[in-house]
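Enquirer: Shown below is the structure under consideration.
No value in this document is a laboratory result; all are computed from the given coordinates. Keep in mind it's a predicted model, so treat the numbers as computed, not measured. Backbone-built Cβ (ideal geometry, glycine too); neighbour counts: all protein chains shown.
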Amino acid sequence: MGTLAQSESIGIGVRVLANGAWGFASTDRLTKDGVAACAAEAVKIAKASALAKRNDVVMAPEDAYVDSWQSPFQKDPFEMPLEAQLDLLLRADKEMRRAKGVTLTETDLQFRKIDSWFASSIGSRIHQRKVISGCGIVATSYQGDEIQKRSYPNSFGGPARAAGI
C-alpha cells in the first residue's frame, strides 16, 4: 500500500504597532476584504494590548532592505521525476526485505518548499525560500510475542541519537 500526497497552504500575518503596543492577526482569506479584516483585527488587538502595557514599544531606527534568499541545495527535489522517487523507495524496500525475519517495511520521502515574503511600512521587501527534504526507512519483525523495529534515521545514529535522545 502506498500514499502520495500533495498539499498547499497560503496565508498572511499582519503585525501592527498601535497606541504603543503590538497587535498580530493572520488569515487565509486573501481577498481585499479578508486582508482588510485581518489588518483591522491586528489593530484591535494592539489597542487592547495597550491597556495593559507598562511602556510604549519604541522602534529602533532601521533602514529599509530589499533582498531575496534561498536555501542552498544541489538538486531541487521537486524536479525529481515521480518515477525516480518511486524507484528509490522500492529499491530501499527491496533491500530491507532481504534481511531474514523482516515482516513489514516502510519507506518515505518528504519535500517542502516554504516561501515567505516580508513587507514593512518603512519599505523593506524581503523574500525567503526554504527547500527541505527528508526520507526514512523502517523494518519491523514480528516473531511470536516479540516485535522488533529499526528505523533510519532514528535507530542507527541519526539526528535523535546524535542529540543524545
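Enquirer: Label-point separation (nm) for residue 106 and residue 57, each offset 7 Å from Cα along Cα-to-Cβ?
Expert: Distance between label points: 4.1 nm.
Enquirer: Let me ask something else about it. Please determine, in degrees from 0 to 90 and to the nearest 10, the orientation of helix 82-97 with respect to the longest principal axis defined by the Cα atoms of the chain, where the helix direction is its Cα long axis.
Expert: Around 50 degrees separate the two axes.
Enquirer: Among 32-38, 72-78, how do they line up from the highest to the lowest mean number of other beta-carbon atoms within 10 Å?
Expert: Working: 32-38: 12.9, 72-78: 9.7.
The packing order, highest mean first, is 32-38, 72-78.
Enquirer: Against the 2.2 N^0.38 Å scaling, with N counting residues, where does the chain land? I'd like the Cα-based Rg ratio to two decimal places.
Expert: Numbers: Rg = 24.2 Å, N = 165, 2.2 N^0.38 = 15.3 Å.
Rg over 2.2 N^0.38 Å, computed on Cα atoms: 1.58.
Enquirer: Number of Lys-Lys pairs in the chain under 14 Å by Cα, sequence gap 8 or more or different chains?
Expert: Numbers: 75/113; 75/130; 100/149; 113/130.
Lysine pairs meeting both conditions in the chain amount to 4.
Enquirer: A follow-up question, please. Starting from the Cα-Cα distance between residue 124 and residue 151, subtract it from 0.36 nm times their residue separation and give me the gain in nm to one decimal.
Expert: On the way: separation 27, 0.36 × 27 = 9.72 nm, distance 4.48 nm.
Here the answer is 5.2 nm.
Enquirer: Here is a further query. Do any GluC sites (Glu not before Pro) in the stretch 1-103 lie in a DSSP loop with no more than 13 other beta carbon atoms within 10 Å, and if so, which?
Expert: Values: sites: 8, 41, 62, 79, 83, 95; in loops: 8, 62.
Of the GluC sites (Glu not before Pro), the ones in loops of the stretch 1-103 whose Cβ has at most 13 other Cβ atoms within 10 Å are 8, 62.
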